[in-house]
C-alpha cells in the first residue's frame, strides 16, 4: 500500500506567518518560529514515509522554500479559491500519483505525536476518512482513502465550526469516519506558553522549535 503524506505550508516570510503571536514575538521571530514548525513537520513526516508532498503558498516565494528545505520531496503550489479548494487540489495530486491512502497535516501543531500519523494510516485500512480535532475547532490531520470534492465544500474555514462541518460532510457522503485524539494548534500567545511547557518536558517532539525557543 502506497502511503503519502501531504504538508500544507505557508512559506515562512516575516509579516505573513504567525501574526497573532505579535507583539509577543517580532515579525522576524514569528517567521523563524514558523520555519521551525515546518522543518519539524517535515522531519516527522519523513520518519514515517518516503512519499512526501509539500503543498505551499505563495508560489512567488518558492525560492525561499527551497532554501528552507532540502529538495528531497515533491513541491506543489496550493491552488484553489479557499482553503478547501487548496486541500482538495493537493489530495487530487497525491491520489494521481497512484497513492492508496493519503494523510494531510499542517504545521501549526508541532507537538502532536508521530504515532498519530501511523495510527491514521492503520485506520485507513478499514475506514474511508480520519480526522484529528484541534482545541479551537479545526483539525490538525485529515486522512483519506476515498477523495470526494464535497468533503471540502460549504465549510467555514479557520473557525470553531471547521472540524464539525468537515465531519458532517464526510458522514453525509456515507463515508466511514474515524477519529484521532484531540490536540492543539499554536496560534496565540497562550498556545505558545503551552508549547514551551510541553517542549520543556520533551524537546525531541519538535527539536528545531525547541532549539529556537531556547535561544530567545
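Relative to the dominant Cα principal axis of the chain, helix 162-172 is inclined by about 10°.
Relative to the present Cα-Cα distance, how much length would full extension add between residue 115 and residue 171 at 0.36 nm per residue of separation? Don't skip to the end; give the middle numbers.
Working: separation 56, 0.36 × 56 = 20.16 nm, distance 2.50 nm.
Full-extension gain reported as 17.7 nm.
Considering only C-alpha atoms, what is the centroid distance from the stretch 30-89 to the stretch 194-216, in Å? Each part's Cα centre sits 21 Å from the other's.
Antiparallel versus total DSSP beta bridges in the chain: what percent is that, nearest 5? Don't skip to the end; give the middle numbers.
Values: 9 of 29 bridges.
Percent antiparallel among DSSP bridges in the chain is about 30.
Three semi-axes describe the equivalent ellipsoid of the chain; taken as square roots of 5 times the Cα gyration tensor eigenvalues and ordered largest first, they are 26, 19, 17 Å. Please list, by residue number, everything in the stretch 112-140 whose backbone N is under 13 Å from a paramagnetic label point 7 Å out along Cα→Cβ of residue 148. From the stretch 112-140, the list is 128-130.
Remark: spin-label model distance residue 49-residue 216 equals 3.1 nm, labels positioned 7 Å along the Cα→Cβ axis.
For the stretch 82-175, the relative contact order is 28 percent, taking Cα pairs closer than 8 Å that sit 6 or more residues apart in sequence and dividing their mean separation by the residue count.
Where a number appears in this text, it was derived from the coordinates with a stated rule and is not lab data. As the structure is a prediction and not an experimental result, all values here were calculated from the model. Here the Cβ is made from the backbone with ideal geometry for all residues, glycine too, and neighbour counts use every protein chain on show.
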